[in-house]
1. Short version: what are the Cα gyration tensor semi-axes of segment B:195-310, square root of 5 times each eigenvalue, largest first, in whole Å?
2. Take the Cα atoms of segment A:3-149, find their three principal axes, and give me the spread along each one in whole Å, biggest first.
3. If you take the charge dipole of segment B:208-310 about its Cα centre, with +1 on Lys and Arg Cβ and -1 on Asp and Glu Cβ, which of B:Val217, B:Tyr310, B:Ile249 is farthest toward its positive end?
4. Write out the GluC sites (Glu not before Pro) in segment B:229-283 meeting two conditions: DSSP loop, and at most 15 other Cβ atoms within 10 Å of their Cβ.
5. What nm distance separates the two modelled labels at B:Leu104 and B:Glu269, each placed 7 Å from Cα along Cα→Cβ?
6. Which Rg and Dmax, in Å, describe the Cα atoms of segment B:111-156?
7. In whole angstrom, how long is each semi-axis of the equivalent ellipsoid of segment B:212-259, when you take the square root of 5 times every eigenvalue of its Cα gyration tensor and sort them from largest down?
8. Work out the length of the dipole vector of segment A:3-149 about its Cα centre, built from +1 on the beta-carbon of each Lys and Arg and -1 on the beta-carbon of each Asp and Glu, and round it to the nearest 20 debye.
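Every number in this text was worked out from the coordinates using simple rules, so none of it is lab data. Source: prediction; values computed, not measured. Don't worry about glycine lacking a Cβ; one is built from the backbone with ideal geometry, like all the others, and counts go over all protein chains shown.
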Amino acid sequence: MKIKDLMLRDITSVMPDCKLVDLIKILSRHKITGVPVVNKNQEMVGFISQHDLIKAILPNYLEIIDSCSIFSEFIQLSKKLKECAQHKVEEFMNKKVITIDDEDNEVRAAELLIRNKIQRLPVVKQNKLVGIVTLTDICRILLETEDSSS
Amino acid sequence: MIATVTLNPSLDIILEIEELKLDHYNKVHNIQSIAGGKGINVSKAIRGCQRDTIALGFIGGARGRMIEEELRNMGITTNFWHIEGETRSNIIIWDKKRAQHTLLSEAGPVITREDLEMFHSIYYRVMSQCQAVTLSGSLPPGVPLDIYGTLISLAKERGVLTILDAMGEPFEKGLEKKPFLAKPDLRETNQIFGKSIEREEDAIQAAREIVSKGAEVAVVSFEQKKDIIATAQGLWFAETNYHKIVNFIGTADALVAGFAVAFTEEDKEFIEAIRFSMACALASALREEEEFSSREEVEKCLPYIYIQKY
């Protein structure tokens, strides 16, 4: 199956100069964990996720997230986030751009998602962002295909 | 790709009633919730023509997410700016016995300056991947009356064909920036440039005035089955003689979708583009509820469209 037939047709994205306060608003209102970063021509220049943010602001937070000191660290995280609210996304984004073409297939998408340990894979057509594919989407399609064949 | 802008979308709740009795108990037989708003309807019809489309605008809250999900499931790409407030709902009472639709429309949530800035940024980026954009419908509170003019200028800067379908001052201010095609929405006031459209001559005059003010193509609907199309080269009447029409809601949006599709297909002559657009409107009028879903439905309507030069 082609990626264009299974992708989520959502091109929510931010520009590199988007402020962190606005990024958090977007993630929260869209109920998503990360977004592609694009230039003014909708070409991918990076990806920013909650994980990237926390890793940059408070690197040890992800390691101690299961420990009993989580509350004090949480307060620190909150303080740091407020300090960085006006900083730009480009300071924190992952500049290694991993994308898939909309004419590619689900096997290639699954490989890219798993190999790179990412949850959301941006889909491009002629280098411009046209959608997003997740492992959940691929599993759903695989299940539907199995159902119809059985 | 064709973009559509819906600044004030709605979740349309259609209540099906046998016969509406005012100041009386009315039983609802069926209830249906669908994504609405003129631009969204245009996107649905473009998708029905099997072309890629992206819906832009403001949405918010649970109703907004329902709209987004419905559109994505239909194969429409979305890139809405999510606002703090909740998207409005429109109640449509469908009186089956009288075959009448009564619309109760909310004003919509307030849009802030920050919302507008974020939307402009999204719009400018999306224009880089589009051939045409349609700007349709009413403005929610907080949006400046000249927004369509601003959006037309931004699209033209990126070489995108612009189609304006709005009413009153937002239409007139948008026209100042010379869109490719302009169509006044006459549902509420039946007025344009301060004059009423009562007779066919008034509609012809209005179409000519729209062209003189800078639009390359003017479209003025006169009565429900007839449109007047004007350019600097001439004026045409487009109408249908098909009588089994079941629903006029959304036909104007399907007409706009038809123009957006036809004028971005290189092989279409001007008259063929008009015919195709009118066929889209007719295909929409033959459906009771959802928008038409295939190009074949539109092509079947082509023989029922008559175009005459004035």
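1. They are 23, 17, 12 Å, listed largest first.
2. So the three principal-axis extents are 53, 39, 26 Å.
3. The listed residue farthest towards the positive side: B:Tyr310.
4. On the way: sites: B:Glu239, B:Glu265, B:Glu266, B:Glu269, B:Glu272; in loops: B:Glu265, B:Glu266, B:Glu269.
The qualifying sites are B:Glu265, B:Glu266, B:Glu269.
5. About 5.1 nm, to one decimal.
6. 10.7, 29
7. Details: eigenvalues 105, 30, 12 Å².
After scaling each eigenvalue by five and taking roots: 23, 12, 8 Å.
8. Numbers: 21 positive and 22 negative charges, 140 e Å.
Using only the charged Cβ atoms, the result is roughly 680 debye.
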